[in-house]
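Okay, structure first, notes after.
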Amino acid sequence: MFNPNVVVKNIVTQSGADAVISLVARILMAYIFIVAGWGKITAYSATVGYMESMGVPGGLLPLTILVEFGGGLALLFGFQARLAALGLGVFSILTALIFHEGTDQSQAINFMKNLSMAGGLFFLMLHGAGKFSLDAAIEK
């Protein structure tokens, strides 16, 4: 009997496909964090003001930038990717709870987006960066 799940599994578990898909997944997960972290660097004082308006001390911005920008770069290059994914996953949940609780639709969408990203990041934490990564090169 035809099972599409098995067909997809057979395609993506081939060694070349697995490595490429892992790389693409890491790039896609890293992109939002790198862009967000860079935005905080280039609009530092505005970001401090926004954080403080939400009840978060502005002094936490350097840590936020480190987590977002540094963690995003770590995912991109696959360096300490499991640790970066764990940190970014927890960060995503915290930011959902702090910044995206609200009744309007855009806040609800951002809340769900952050939770979804956390799920993907935890999955990456479990499975690692893949063959095309600094982690794989270091482990050899």
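General observations
- Number of positions in region 7-23 that are open to solvent by 70 Å² or more (accessible area, probe 1.4 Å) and part of a helix (DSSP H, G or I): 8
- Some residue of region 124-131 being out of contact with any Ser or Thr (no Cβ under 9 Å at 6 or more places or on another chain) and modelled with pLDDT of 95 or more: yes
- Note on region 85-123: residues that are open to solvent by less than 70 Å² (accessible area, probe 1.4 Å), under 16 Å from SER22 (Cβ atoms) and out of contact with any Ser or Thr (no Cβ under 7 Å at 6 or more places or on another chain) total 3.
- Single condition LYS131 does not satisfy, out of (1) more than 13 Å from the chain's Cα centre (by Cα); (2) outside any helix (DSSP H, G or I); (3) surrounded by 19 or more Cβ atoms within 10 Å (Cβ to Cβ): (3)
- Selection count, region 101-121, where residues are under 16 Å from ILE32 (Cα atoms) and either of a type in the set (Phe, Trp, Tyr) or free of Cβ contacts under 8 Å to residues at least 40 places away in the same chain (or both): 10
- Odd one out for SER45, checked against (1) closer than 18 Å to PHE123 by Cα; (2) open to solvent by 60 Å² or more (accessible area, probe 1.4 Å): (1)
- Pairs where the first residue, in region 74-95, is on the phi > 0 side of the Ramachandran plot and modelled with pLDDT of 95 or more and the second is among the hydroxyl-bearing types (Ser, Thr, Tyr) and outside any helix (DSSP H, G or I), C-beta under 7 Å, 6+ apart: GLY78/SER133
The values are calculated or read from the model by the stated rules, or taken from the named source; none is laboratory data. Only a predicted model underlies this, so the values are computations on that prediction, with no experimental measurement involved. Note that we place each Cβ from the backbone using ideal geometry, even for glycine, and neighbour counts take in every protein chain shown. We work out accessible area using only protein heavy atoms, side chains counted, and drop any ligands, DNA or RNA first. Shrake-Rupley method; radii C 1.70, N 1.55, O 1.52, S 1.80 Å.
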